[in-house]
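Since the structure comes first, as structure tokens, the remarks are kept for the end.
The values are calculated or read from the model by the stated rules, or taken from the named source; none is laboratory data. The shown structure was predicted, so the numbers you read here are calculated from the model rather than taken from an experiment. Because the Cβ atoms are built from the backbone with ideal geometry, glycine has one as well, and the counts that use them run over all protein chains shown. For accessibility, only protein heavy atoms count, side chains too; no ligands or nucleic acids. Shrake-Rupley method; radii C 1.70, N 1.55, O 1.52, S 1.80 Å.
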Amino acid sequence: MKFIAITGGIGTGKSTVTKFIREKGYITIDADEVGHEALKEKEIKMLVSKEFGIPLDKNGEINRKKLGKIVFADRKKLNQLNSILHPQIVKMILDKLHSLSNREEIFVEAAVLFEMKLDRYADYIIVTDCPDELRMDRIMKREHISRREALLRIKTQLSREEFLKRADYVINTSKSLQYTLNQVSILLQLKPWSDKI
């Protein structure tokens, strides 16, 4: 089984690429969704609630919007949250991969692949990429946030150069949707990860 990672900065089109791959019949795992599962685990949500002073809501869950506002505005707090969540997310993803080990390839979408050190388990790394200005526009439209908030979110992640440096394959998402999907189709036909031992 090959573990193929899909990563890239916020607003570069990771989810669009992953959705297309899933629609083509491949198995995909979304690290964000796994993060939401991790945040529902009793021990973790109690710890996050205590550390960040966010009381659990009436359903006994963490208000993720409140948590996001706190951590995206303060790098130190984001690092603190990551130190709680990342080990659990990695464990959960590896467990999922293990349970699917009879499959030929599994795609894992993870924005913070490198920060979680999940890249050490990946056989192949796909990076989605477009200029920061375009990313900013996309984030503002999607999240209904200000330019300043969009910039803050971009700044909490690795630089564009850093992503590109670590990529096995780059998908340029700066043009039309069809242009992006054509690149993915070619990649799925070539399956360059098959050659990796």
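Computed in the context of the full set of protein chains, the accessible area of region 26-175 at 1.4 Å probe radius has 50% of its extent on carbon or sulfur. Mind checking which lysines have their Cα closer than 16 Å to the Cα of K155? Skip sequence neighbours fewer than 8 apart in that chain. Leaving aside lysines fewer than 8 places away in the same chain, those within reach of K155 are K69, K76, K77. A protection proxy built from the mean count of other Cβ atoms within 10 Å ranks the segments 41-47, 117-123, most packed first, as 117-123, 41-47.
If the chain linking R75 and S174 were pulled fully straight, counting 0.36 nm for each residue of separation and taking away their Cα-Cα distance, it would gain 32.8 nm.
Stokes-Einstein diffusion coefficient for region 27-83 at 10 °C in a medium of 1.306 mPa s, Rh from the Kirkwood formula over Cα pairs: what value in µm²/s? Don't jump to the answer; show the numbers that get you there.
Numbers: Rh = 11.9 Å.
In µm²/s, the coefficient is 134.
Note on region 78-182: Cα-only Rg and Dmax are 15.6, 46 Å.
Using only the Cα atoms of region 88-145, what semi-axes does the equivalent ellipsoid have when each is the square root of 5 times a gyration tensor eigenvalue? Give whole Å, largest first. Walk me through the numbers on the way to the answer.
Details: eigenvalues 165, 33, 26 Å².
The three semi-axes for region 88-145 are 29, 13, 11 Å.
Helices in the chain, meaning DSSP H runs of at least 4 residues, each add -39500 (n - 2.57). Divided by all residues, the mean residue ellipticity at 222 nm is -16000 deg cm²/dmol.
Please report the spacing between the Cα centers of region 112-174 and region 1-61 in Å, no decimals. So the two Cα centres are separated by 16 Å.
Building the convex hull from the alpha-carbon atoms of the chain and averaging its projection over directions returns 11.6 nm².
A simple charge model with +1 on the Cβ of Lys and Arg, -1 on the Cβ of Asp and Glu and nothing else charged puts the dipole of the chain at about 540 debye relative to its Cα centre. The C-alpha atoms of the chain define a longest principal axis, and helix 177-190 lies at about 60 degrees to it.
In region 169-197, which residues have a backbone nitrogen under 13 Å from the label point lying 7 Å from D137's Cα in the Cα-to-Cβ direction? What the label zone holds, given the 13 Å backbone N cut-off, is 174-177.
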